[in-house]
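Visitor: Dumping the structure here so I can ask a few things about it.
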Amino acid sequence: MIKPFLTELRAVFKSAIGHSLGVLTLALGAVLILAGLVGSDQVEANRAPTPIAVTLDIAPSTATTDADVYSTVQVSGEQAGYNASWRDMEVRKGDSLSMIFGRAGLDSTDLQSVLDADARSKSLRSIYPGQTVSIKVDSEGRLSEMRYARSPLETRIFTRNGEGFSVAEETRSPEVRKAFRHANLKSSLFEAGQEAGLSGRMILELASVFGGVIDFVLDPRAGDSFSVLYEEQYLDGEKVGEGAIIAAEYVNDGKRFAAYRYTDSNGDQGYFSADGVSMRKAFMLAPLDFTRVSSNFNMRRMHPIMKVIRPHRGVDYSASTGTPVYASGDGKVTASGYSRSNGNYVYIQHDNRYMTRYLHLHKRTVKPGERVKQGQTIGTVGATGLATGPHLHYEFLVDGVHKNPRTALESLPRARTLAGKELASFRAKIAGEQTQLATYTNAWEMAIVSGAE
Ligand SMILES: [Zn+2]
């Protein structure tokens, strides 16, 4: 069902690129200039790897501020003596530092000294393909200096100091640019996100921002849409990573939810609705990795076995065996065991009034008495106990009474709300972002419409 549809969707996007990349750029440019947001030369349309990806580099002042988040350690591009006597060793699949030292002809005394240098040497025990270890050898064939590039942004430097090595860090600050993506959902949030060119990590982050108000397994439907404004990190003109979501919007069944990142005067960061109400809720609605749920949009189904025995008192999420199950809120595990009907089950107590239960698990990864955090994995989906197929049976109890987790939300403690000066400063901060979200979304929709002709 999904495959042919995706093909069609791709065709639409392809046609959108073919006909309207220019239109998109023009439309965006025109609208943005009208909105007074950017100069005409600052909007860059970027095709790969997305059908219509717009990289927006709109606010240099913001970028500089955001870059401060990253380390401020001195960057020294030209290290003294960094020349031909250096040898760059690419980390290969299955490599260890000892294998690299072997290839470089260094002996195990050097290896041991580097590994013993200080606590930061620990990172050398798990090196990954794609990283680089650069080695400098002295006239006696001993290691004199080693540079370990953990990422394009972060290098650890080990310098001989007598018989041992001293450790230093070199960190580069990426240039932070803003990026925008928009998509209409046809099959699932994950597929729409991928079509729009969002990374898996960014899709999960988007879902996590709205996880307290939207159940990304049960709620999404065709016609939903999202817009997201987020940070991308560049180094020497190349994208090296992604930062945080700055602002995002999700329209579910015609209802609009928006979230804006805000750091309050105490330095605490979080996402808030336009009214200044925290998006972080005591419970997340869907307590499992929604990207692993097999079929979306048609998940409301009766419990095949229990409905004839007693009223069904939970929500069932069909998902493949092994799908991670999360604690829906902070709490304490009160039970983790096995019974003939529940199979492997976990119960979590949250404050005094709330309890959540997770049944038919394949594996349990928490013990009674253990404290758990919201989003922490407590087990995996299975079909143990009285279950016809792999699914998570999830129950939500308030004062010992089963409730629909969604309608029970009203009885929950009020989420943090910004007030007074804090609210004023939040409003001032998001004003531009609100305009940007609306403007880019409109321009994007216009481009798709004109491209489809
Ligand atoms: Zn059930």
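Visitor: Any chance you could count how many residues in the range 381-414 are part of a loop (DSSP other than H, G, I, E, B) and touching a Gly at 6+ places or on another chain (Cβ under 8 Å)? Even if it seems obvious, please write down each step before you answer.
Guide: Of the residues in the range 381-414, the ones part of a loop (DSSP other than H, G, I, E, B) are 383-390, 399-400, 404-406, 412-414.
Next, only the ones that are touching a Gly at 6+ places or on another chain (Cβ under 8 Å) stay: 383-387, 390.
Going through the range 381-414 one residue at a time, the tally reaches 6.
Visitor: All but one of (1) within 16 Å of the ligand (Cβ to nearest atom); (2) in contact with a helix residue (DSSP H, G or I) (Cβ under 7 Å, 6 or more places away or on another chain) hold for TYR358; which doesn't?
Guide: Of (1) within 16 Å of the ligand (Cβ to nearest atom); (2) in contact with a helix residue (DSSP H, G or I) (Cβ under 7 Å, 6 or more places away or on another chain), only one is false for TYR358: (2).
Visitor: OK, next. Listed residues ALA424, ALA408; which is over 26 Å from the mean Cα position of the chain (by Cα), over 26 Å from ALA327 (Cβ atoms) and either free of Cβ contacts under 8 Å to residues at least 24 places away in the same chain or more than 16 Å from the ligand (Cβ to nearest atom) (or both)?
Guide: Working: ALA408 fails: over 26 Å from ALA327 (Cβ atoms).
Selected residue: ALA424, the only one of ALA424, ALA408 that is over 26 Å from the mean Cα position of the chain (by Cα), over 26 Å from ALA327 (Cβ atoms) and either free of Cβ contacts under 8 Å to residues at least 24 places away in the same chain or more than 16 Å from the ligand (Cβ to nearest atom) (or both).
Visitor: Among the listed residues PHE190, PHE180, PHE216, identify the single one that is at pLDDT 95 or above and under 28 Å from GLY375 (Cβ atoms).
Guide: Working: PHE190 fails: at pLDDT 95 or above; PHE216 fails: at pLDDT 95 or above.
Unique residue meeting the criteria: PHE180.
Visitor: Tally up the residues in the range 375-397 that are modelled with pLDDT of 95 or more and closer than 12 Å to ALA327 by Cβ, please.
Guide: Total satisfying the criteria: 4.
Visitor: Just a yes or no: is a residue in the range 260-283 modelled with pLDDT of 95 or more, among the small types (Gly, Ala, Ser) and touching a helix residue (DSSP H, G or I) at 6+ places or on another chain (Cβ under 9 Å)?
Guide: yes
Visitor: Restricting attention to the range 310-329, report how many residues are crowded, with 19+ Cβ neighbours inside 10 Å and within 16 Å of the ligand (Cβ to nearest atom).
Guide: 8
Visitor: Could you list, ordered by first residue, the pairs with Cβ atoms under 8 Å in which the first is in the range 113-126 and within 8 Å of PHE165 (Cα to Cα) and the second is surrounded by 10 or more Cβ atoms within 10 Å (Cβ to Cβ) and among the polar types (S, T, N, Q), at least 6 apart or interchain?
Guide: VAL114/SER121; ALA117/SER166
Visitor: Which condition breaks for LYS403 when tested against (1) in contact (Cβ under 8 Å) with a residue 12 or more places away in the chain; (2) of a type outside the set (Gly, Ala, Ser); (3) touching a helix residue (DSSP H, G or I) at 6+ places or on another chain (Cβ under 9 Å)?
Guide: It is condition (1) that LYS403 fails.
Visitor: Would you say ALA183 is among the aliphatic types (A, V, I, L, M), assigned to a strand (DSSP E or B) and within 21 Å of THR439 (Cβ to Cβ)?
Guide: On the way: among the aliphatic types (A, V, I, L, M): yes; assigned to a strand (DSSP E or B): yes; within 21 Å of THR439 (Cβ to Cβ): yes.
Yes; evaluated as a whole, the condition is true for this residue.
Visitor: Another question, then. Let me spell it out: the conditions are (1) away from the ligand (no atom under 14 Å from the Cβ); (2) under 25 Å from the mean Cα position of the chain (by Cα), and LYS332 meets all of them except one. Which number is the exception?
Guide: Against the list (1) away from the ligand (no atom under 14 Å from the Cβ); (2) under 25 Å from the mean Cα position of the chain (by Cα), LYS332 comes up short only on (2).
Visitor: Considering only the range 375-405, how many residues are surrounded by fewer than 20 Cβ atoms within 10 Å (Cβ to Cβ) and away from the ligand (no atom under 16 Å from the Cβ)?
Guide: 7
Visitor: For the range 344-355, which positions are more than 16 Å from the ligand (Cβ to nearest atom), among the polar types (S, T, N, Q) and part of a strand (DSSP E or B)?
Guide: Once the filter is applied, which keeps residues that are more than 16 Å from the ligand (Cβ to nearest atom), among the polar types (S, T, N, Q) and part of a strand (DSSP E or B), the range 344-355 yields only GLN349.
Visitor: Output the residue which, of all residues in the range 377-399 that are of a type outside the set (A, V, I, L, M, F, W, C) and touching a Lys or Arg at 6+ places or on another chain (Cβ under 9 Å), is nearest to GLY267 (Cα to Cα).
Guide: GLY379
Visitor: Moving on. Test GLU433 against the stated conditions and say whether it is of a type in the set (Asp, Glu), surrounded by fewer than 16 Cβ atoms within 10 Å (Cβ to Cβ) and over 30 Å from THR323 (Cβ atoms).
Guide: Numbers: of a type in the set (Asp, Glu): yes; surrounded by fewer than 16 Cβ atoms within 10 Å (Cβ to Cβ): no; over 30 Å from THR323 (Cβ atoms): yes.
No: the conditions fail for GLU433.
Visitor: Follow-up question, since we're still on this one. Considering every residue within the range 106-122, establish whether at least one is of a type in the set (Ser, Thr, Tyr) and in a loop (DSSP other than H, G, I, E, B).
Guide: no
Visitor: Considering every residue within the range 358-371, establish whether at least one is outside any helix (DSSP H, G or I), at positive phi and more than 25 Å from the chain's Cα centre (by Cα).
Guide: Within the range 358-371, one or more residues are outside any helix (DSSP H, G or I), at positive phi and more than 25 Å from the chain's Cα centre (by Cα).
Visitor: If you don't mind, another one. Could you list, in sequence order, the residues of the range 138-157 that are modelled with pLDDT under 90, of a type outside the set (D, E, K, R) and more than 28 Å from GLN233 (Cβ to Cβ)?
Guide: SER139, GLY141
Visitor: Please find, among VAL228, VAL167, VAL213, the residue that is β-branched (Val, Ile, Thr) and in contact (Cβ under 8 Å) with a residue 60 or more places away in the chain.
Guide: Details: VAL228 fails: in contact (Cβ under 8 Å) with a residue 60 or more places away in the chain; VAL167 fails: in contact (Cβ under 8 Å) with a residue 60 or more places away in the chain.
Just one listed residue meets the conditions, VAL213.
The values are calculated or read from the model by the stated rules, or taken from the named source; none is laboratory data. Owing to the predicted nature of the structure, the values given are computational and were not obtained by experimental measurement. In this analysis, Cβ positions are derived from the backbone assuming ideal geometry, glycine residues included, and neighbour counts consider all displayed protein chains.
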